[in-house]
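In what follows, a single structure is set out as C-alpha cells and then discussed.
The values are calculated or read from the model by the stated rules, or taken from the named source; none is laboratory data. Remember, predicted model here, so these are calculated numbers, not experimental data. Here the Cβ positions follow ideal geometry from the backbone for every residue, glycine too, while neighbour counts run over all protein chains shown. Keep in mind that these areas ignore ligands, DNA and RNA; they rest on the heavy atoms of the full protein, side chains included. Shrake-Rupley method; radii C 1.70, N 1.55, O 1.52, S 1.80 Å.
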Amino acid sequence: MTVNGWLQILFFLALVLLVTKPLGVFLARVFSRERTFMDLVLRPIERLLYRLTRVDENHEMRWTEYAVSMLLFSLVSMLLLYLIQRVQFFLPFNPQKFTAVNPAHLAFNTAASFTTNTNWQAYSGESTMSYFTQMAGLAYHNFASAAVGISLAIAFIRGIARRQTETIGNFWVDLVRSCLWVLLPFCLVGALLLVSQGVVQNFRPYDTAQLVVPQQVQRVGRDGKPVVGSDGKVLMDTVTEQTIAQGPVASQEIIKEWGTNGGGFFNANSAHPFENPTPFSNLLELFSIFAISAGLTYTLGRMTGSQRHGWAVWAAMATLFLAGVTTAYWAEAHGNPLLIGENQRVSALQPGGNMEGKEVRFGIANSALFATVTTDASCGAINGWHDSYTPLGGMVPLVNIMLSEVIFGGVGAGMYGMLIYVVLAVFIAGLMVGRTPEYLGKKIEAYDVKMAMLVALVFPLVILVFTAISSVKGFGTSGITNPGPHGFTQILYAFTSGAGNNGSAFGGLNANTLWYNTTMGFIMLVGRFFMIIPMLGIAGNLARKKYVPPSLGTFPVTTPLFTVLLIGVILILGALTFFPALSLGPILEHLLMGAGKVF
Amino acid sequence: MKKNLLTAVLMTLATTILLGLIYPLVVTAIAQVLFPKQANGELISKDGKIVGSALIGQTFSGAGYFHSRPSAAGSGYDAANSNGSQLGPTNRQLIERVTSDAAALQAENKAAPVPVDLVTTSASGLDPHISPAAAEFQLLRVSRARRITPDQVRQLVRQHTEGRQFGFLGEARVNVLELNLELDEHYPLH
C-alpha cells in the first residue's frame, strides 16, 4: 500500500461526503414535489408523460397498489426487453448484423437480469447485442430499474415519516420524477465528460486496423484446442488485422454507474479502454456509483425530521466501506506468493502487486477500490476481474454482496435494504432494555419484525441452496474453470451476485448454460421482488401508525452507539450465515496458497 | 389493476422512446460535434490506413519493438472479444504461464527482475499500456535491435510516458502502440 493509493481512496470518499447533503436535499425536494431549478424544462415533459400514460399525478396509493403498479411495470418492460433481443435482426442500428439472441434461456436470463437492476451478463456484449438492443433494451432498463429502486426507497421513507395514513405516494409519479430529475440530467453531462476522456459514442460499424506487426497465432478449433495438421504440428494463422468494436457506449456507461446497474457495453466492462479510458473516467464512474445512495441517507434524515439519524446511517456505511477497501487493497498489493521470481513490488514506476486481470492505468489501489465500491453498491461493473484477485482480495466483494449491499448500496435498494437492518437493530436494542422498540416515533411490532426477518432469511436461503446443488451436480460443476476451492467460490459468487442483484462475477465460470441461465434468472427475480414486497408491507404498516413522542426509555437512533449496533447487526447476520460457505472457498484457498499449493 | 396495466404498457413505451432512443441520439450528436476524435475511438492513421487506436493495445513481436502485456482477448488483443484470462491465483496454468514467460524475458535482460505487469494478462485483454519499469526492462533489447543508443530510446519512452492524471490519479504508464509507431518513424528497422 502506498501514500498515493490512500490519497486516491480518501479523495474519493471525501467527494462522496461532499455530495451527500446537496444531493440529499435535492432528492427530498423532487419527491416532495417542491420547486427545483430544473422545473422550467422538466415540468412540461413530465406533464406530457402523464397525459400520454393516463396518470393522475395527485392520486395517492396504498402500499398494495404501489406494489402492483411496480410489478406490472417491471413485467411489461421485461417482456419488451425479451422481445427486442429475440427480434433484433429486424430492428435498426445493427451494423454488425447480429442475429437474434440465442438460445431463448439466454434472452430470458438477460431480461430478468436487467429488469432487476442486476446486470448479470451471460453474453458478451460486442459479439451478441446490436446497438439498438444496447440502447433501447439494456441501457433503457438501466434507467428504469434504477428509477424503480429510488421510488421504492422514497416510498419506504414516506412510510416512516407519515402518520396515521393509508398511502405512501404514487408509483408512477415517483418513477417519472426519478427518471427526469434524478437520472437524466446528470447522465447527459456525465456522458459527455466520459466522451472527453475517450469513451466512444458513435454508430459506426466495427473498424478494421492493419496491425503494425502481423502476428502468427495458433489456429484454434471449435473445442477451444489448437488444431494439429497432418504432419503433427500445430497449424498457425497469420493475423494482419484488428477488428475494433465501436458503439454508443458513453450514454450507456454513465447510467450503468449512476443507476448502479453494472452491465458493460463490452465483455470487459469498465476495464475496457473504450468504457473507462483514464484514471479520471474511473473516478467519475466510482463517484457515480455511490452518489445517489449517499444522498438518500440525507434524504432519509430530512424527510423524517431527524438529520442526525441520516448521518448515523451514513457513518455505518462509511465504516464498512473503509474496512472492505483496506482489506482488498492490502491483499492485492501483497501480490501472489506463488510467483517468486517476478518483481511485484508496488512503486512509482510500476503498479506491482497482483496484476493478473488488472489494467496498468488503474494499478492496485484503483482496482481494489473499484471492486469494493461496485459490490458495496449493487452495481457489479468491474475494472479488473474478481476471479483473478487473491483469495482474500476476492472475498471482499463476495462478503460485501452477502451483507445485502447496504454499504451505500444500490440506488434505492441500498437504502431500503439498510432500513430493514435498522428495524432489526432497533428491535434487538428494544429486547435488550425490555421495552417495545420504537423507530423515529413509530412502534416496531410483530408484523414489522416478521417481514424484516422474511427478507433476511430468503436471501441466504436461495444462495446457499442453489450453490449446494451446483457444487455436487455435473450440470453445476461443469461450469468451473479454476480447480480447487476457487471453483467452489466461482459458483458461490455467481448465486450471491444473482440474489444480491449485483451482477459482477467470478467471470471464468461458464454460466451460459440451461441450468445457470434459468436458475440465475429465477434467483435474480426472487432477490429483487421478494425483498421489495415485504419491505413495502412494512412501509404501509408504519405509515398507518400513530406517532409516539420519544421518552427516556427510547433507544436513540442518532448516536455513535446506534451506528456501532447497526454495524454489529449487519456483520453478525451476514457473517454467521455465510461463514461456513466462505471457509470452504476463499478462506481455504488463502491458507492453501500460503502453503504453496496450486491446483 | 386494469388501469395500472394500461399505464404500465404506455409508460414502458413512452420512456423507452425518451430514454432508450432520444437520449443516446442527443448524446451522440453533441459528442460528435464537441469531441469528434474521442467519440470515434481515437483511431490512428498512417498512409491513409487505420493502424490502430490510441486506446487499444496490439501484440508486438521482434526484438526491435516494445512488447505489450500478454493478452487473453481472443487470439491476443482481439478488440472485438475483450476478456481477461479469468485464471485464479492458485491455478497451475497461471503459475506455469507466468513462470515460463518470465524465464524467457529474464534471458534477454538479467540485470533486473521482470516487472509483474509484463507477464500478467490485463482485465480487458486490450491494455494499451505497460509500466515505466516494464519499458525500461525492454529498453536495451530495442536499442540494440535498432542500432541506436539506449538514451535515444529512453528519450522517446519519456515522451510517451503519461504521469498520474492531475498529479495523483491512477498510475504512470507508457503507451506501447504510440511509442512503437514513433520508433518506426525516427529509427526504422533495417
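Some values worked out for this structure:
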read-out	value
Selection within region A:166-221 - among the polar types (S, T, N, Q) and either facing chain B (nearest Cβ under 9 Å) or without any contact (Cβ under 8 Å) to a residue 12 or more places away in the chain (or both)	A:S196, A:Q197, A:Q201, A:N202, A:T208, A:Q210, A:Q215, A:Q216, A:Q218
Residues located in region A:31-48, provided they are in a loop (DSSP other than H, G, I, E, B), hydrophobic (A, V, I, L, M, F, W, C) and without any contact (Cβ under 8 Å) to a residue 12 or more places away in the chain	A:F37
Selection count, region B:36-55, where residues are within 7 Å of chain A (Cβ to nearest Cβ) and surrounded by fewer than 21 Cβ atoms within 10 Å (Cβ to Cβ)	6
Meets criteria (touching a residue at least 40 places away in the same chain (Cβ under 8 Å) and either closer than 20 Å to A:H272 by Cα or not in a loop (DSSP other than H, G, I, E, B) (or both)) for B:G20	no
Residue ranges of helices (runs of 4 or more DSSP H) in region A:498-599 with at least 1 members more than 16 Å from A:A456 (Cα to Cα), within 24 Å of the chain's Cα centre (by Cα) and of a type outside the set (G, A, S)	A:514-525, A:560-582
Among residues of region A:333-364, those that are within 20 Å of A:L398 (Cβ to Cβ), in a helix (DSSP H, G or I) and out of contact with any Lys or Arg (no Cβ under 8 Å at 6 or more places or on another chain), counted	2
Condition check for A:G149: outside any loop (DSSP other than H, G, I, E, B), surrounded by 24 or more Cβ atoms within 10 Å (Cβ to Cβ) and over 21 Å from the mean Cα position of the chain (by Cα)	no
Scope region A:123-146; condition outside any helix (DSSP H, G or I) and within 11 Å of another protein chain (Cβ to nearest Cβ); matching residues	A:S124
Hits in region A:95-121 - residues which are more than 13 Å from chain B (Cβ to nearest Cβ), in a loop (DSSP other than H, G, I, E, B) and under 16 Å from the mean Cα position of the chain (by Cα)	A:T116, A:N117, A:T118, A:N119, A:W120
Filter result (aromatic (F, W, Y) and touching a residue at least 40 places away in the same chain (Cβ under 8 Å)) within region A:71-88	A:F73
Matching residues, region A:428-452, being within 29 Å of the chain's Cα centre (by Cα), open to solvent by less than 40 Å² (accessible area, probe 1.4 Å) and of a type outside the set (A, V, I, L, M, F, W, C)	A:Y439, A:D448
Residues being within 7 Å of chain B (Cβ to nearest Cβ) and open to solvent by 10 Å² or more (accessible area, probe 1.4 Å) - total across region A:367-393	1
Pick from region A:456-489, criterion within 14 Å of chain B (Cβ to nearest Cβ) and open to solvent by less than 10 Å² (accessible area, probe 1.4 Å), ranking: farthest from A:L592 (Cα to Cα)	A:G479
Where B:A31 falls short, out of the listed (1) in contact with a His (Cβ under 8 Å, 6 or more places away or on another chain); (2) facing chain A (nearest Cβ under 7 Å)	(1)
Hits in region A:319-366 - residues which are closer than 22 Å to A:V598 by Cα, open to solvent by 20 Å² or more (accessible area, probe 1.4 Å) and small (G, A, S)	A:G341
Enumeration of residues in region A:247-290 that are among the β-branched types (V, I, T) and more than 13 Å from A:F362 (Cβ to Cβ)	A:V249, A:I254, A:I255, A:T260, A:I289
Region B:56-106, subset facing another protein chain (nearest Cβ under 7 Å), aliphatic (A, V, I, L, M) and in a loop (DSSP other than H, G, I, E, B), residue surrounded by the most Cβ atoms within 10 Å (Cβ to Cβ)	B:A79
Per-region count, region A:45-58, residues of a type outside the set (S, T, N, Q) and open to solvent by 70 Å² or more (accessible area, probe 1.4 Å)	6
Tally of residues being more than 7 Å from chain A (Cβ to nearest Cβ), surrounded by fewer than 24 Cβ atoms within 10 Å (Cβ to Cβ) and either at pLDDT 95 or above or within 16 Å of B:F66 (Cα to Cα) (or both) across region B:108-133	2
Number of the exception - A:Q164 against (1) open to solvent by 10 Å² or more (accessible area, probe 1.4 Å); (2) closer than 21 Å to B:L43 by Cβ; (3) not in a helix (DSSP H, G or I)	(2)
Restricting region A:204-251 to residues that are at pLDDT 95 or above, open to solvent by less than 60 Å² (accessible area, probe 1.4 Å) and in contact with a Pro (Cβ under 7 Å, 6 or more places away or on another chain), the residue that is farthest from A:F274 (Cα to Cα)	A:S251
Filtered residues of region B:139-168 (kept if under 19 Å from the mean Cα position of the chain (by Cα), away from chain A (no Cβ under 13 Å) and open to solvent by less than 20 Å² (accessible area, probe 1.4 Å))	B:L156
Entirely in region B:126-190, the helices (runs of 4 or more DSSP H) that have 2 or more residues that are touching a residue at least 40 places away in the same chain (Cβ under 8 Å)	B:132-146, B:176-186
Single unsatisfied condition, A:L23 versus (1) over 27 Å from A:G137 (Cα atoms); (2) surrounded by 15 or more Cβ atoms within 10 Å (Cβ to Cβ); (3) without any contact (Cβ under 8 Å) to a residue 40 or more places away in the chain	(3)
Helices (runs of 4 or more DSSP H) completely within region A:398-478 that count 1 or more residues being touching a residue at least 40 places away in the same chain (Cβ under 8 Å), of a type in the set (A, V, I, L, M) and on the phi < 0 side of the Ramachandran plot	A:413-433, A:446-472
Residues of region B:109-140 classified as closer than 24 Å to B:S75 by Cβ and of a type outside the set (S, T, Y), total	14
